Amino acid sequence: MDHRLADLLKLLQLERLEVNLFRGESRDIGNPQVFGGQVLGQALTAASATVKDRIVHSLHAYFLRRGDCRAPIVYHVDQSRDGHSFSSRRVTAIQNGEQIFNMAASFQVMEAGFDHQIDMPDVPPPESLVSTDLPLTLLPMERVPARSGGKIETSRPFEFRLVPPPESRPGSKALPARRVWFRAVDQLPDDEALHRQMLAYVSDYNLLDTSMLPHGTSSAGNRIVMASIDHAMWFHRPLRVDDWLLYDVNSPSASGARGFARASVFARDGRLVASTAQEGLIRIVRS
């Protein structure tokens with residue numbers, strides 16, 4: 001297996017300290033804090049470890065404080081309820097004695113029912129597009145932390161292909177929408193829970209940044225501070241993150257120093273496998 005993907009799998013494999021207590025490592029990927037997708041994926045892993053014969057169908061999370069990528073994170077799972085078909089869990093992430101994140105997740109026994117979905121957008125296949133090592137190619141440079149030397153680590157466990165390739169240069173204005181093909185860089189085990197945990201991890205890319213596209217980032221003397229506030233996901237159908245998935249993202253609104261984005265995730269065969277939504281801080285710091 002590719003070493004980048006193997007490292008991510010290791011990152012999601014938590015140490016069980018007690019029945020409902022887990023500890024996870026952290027990674028520095030060039031952000032000024034722990035990557036939100038890491039905390040989301042690890043929290044879902046912790047919750048999933050307390051559920052049997054059920055799969056996550058939704059989660060709602062809040063990012064409370066910046067996490068320190070130099071320290072481990074402890075996850076406490078509250079086994080709120082186990083019903084006939086559904087199980088509810090609440091997860092609190094703790095670092096240095098403080099809550100940095102909390103999440104509610106719901107799990108369900110797999111069962112059949114009514115079935116309909118929206119159509120997948122008509123987009124070029126991923127094979128016709130150019131891969132980019134850095135998924136957030138339109139990311140404002142003001143967001144890049146000084147300690148990274150102006151660069152963000154580009155060795156990713158996922159491959160990204162923008163649809164269509166951006167024609168505008170960074171800092172120019174564009175519509176608040178983005179479509180991205182993505183997949184893991186190598187094959188993964190046949191484990192639906194694992195694939196949903198991996199999707200939770202990668203879903204943090206391309207959401208909040210899409211809400212910046214109509215505004216540009218070229219205002220002289222200004223710096224943009226961005227941070228996720230909350231993140232929600234709904235898992236509709238079985239999925240594989242080691243096959244191409246289309247992330248269809250749009251941002252209906254930005255106001256009050258907050259940006260809001262939502263997205264649909266489609267499998268290569270057109271199935272709608274998941275939906276996401278996120279609100280985050282977008283603050284202009286005038287120098």
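In order along the stretch 270-275, phi translates into HN-Hα couplings of x, 5, 7, 9, 6, 9 Hz, rounded to whole numbers, per the Karplus curve 6.51 cos²θ - 1.76 cosθ + 1.60 with θ = phi - 60° and x for Gly and Pro.
Residues in the stretch 258-263 carry Karplus couplings, in order, of 10, x, 10, 9, 9, 8 Hz; the curve used is 6.51 cos²θ - 1.76 cosθ + 1.60 with θ = phi - 60°, and Gly or Pro positions show x. Mean residue ellipticity at 222 nm, helices only, the chain: -3500 deg cm²/dmol; runs of at least 4 DSSP H residues each add -39,500 (n - 2.57), and the sum is divided by the number of residues. The residues packed around Val185, meaning those with a beta-carbon under 10 Å from its beta-carbon, carry a net charge of -1 if Lys and Arg are +1 and Asp and Glu are -1. Other residues within the sphere of radius under 9 Å centred on the Cβ of Ala227, judged by their own Cβ, net out at +2 (K and R +1, D and E -1).
Computed extension length for Asp78-Asp269: 65.1 nm, one decimal, from 0.36 nm per residue of separation with the Cα-Cα distance subtracted.
For Ile229, the residues whose modelled amide H falls within less than 5 Å of its own, excluding neighbours fewer than 5 places apart on the same chain, are Glu279, Gly280, Leu281.
Among (i) 0.98; (ii) 1.02; (iii) 1.25, find the value of Cα Rg over 2.2 N^0.38 Å that was calculated from the structure presented, and write down its label. Derived directly from the coordinates: (i). With both labels modelled 7 Å from their Cα along Cα-to-Cβ, the Leu17 to Leu281 distance reads 2.6 nm.
Scalar couplings 3J(HN,Hα) for the stretch 99-104, obtained by applying the Karplus form with A = 6.51, B = -1.76, C = 1.60 to θ = phi - 60°, are 6, 10, 6, 9, 8, 10 Hz; x denotes Gly and Pro.
Label the stretch 1-86 by shape, choosing from rounded, prolate and oblate, from the square roots a ≥ b ≥ c of the eigenvalues of the Cα gyration tensor; if a/c is under 1.5 it is rounded, and otherwise prolate applies when a/b is larger than b/c, oblate when it is not.
prolate
Given R₀ = 30 Å, what would the calculated FRET efficiency be for Asp115 paired with Asp243, taking r from the Cβ atoms and rounding to 0.05? According to the calculation, E is roughly 0.90.
We did not get these values from a lab; they are worked out from the coordinates using the rules stated. Computed from a prediction, not measured in an experiment: that's the story for all the values here. All Cβ positions, glycine included, derive from the backbone under ideal geometry; neighbour counts span all protein chains shown.
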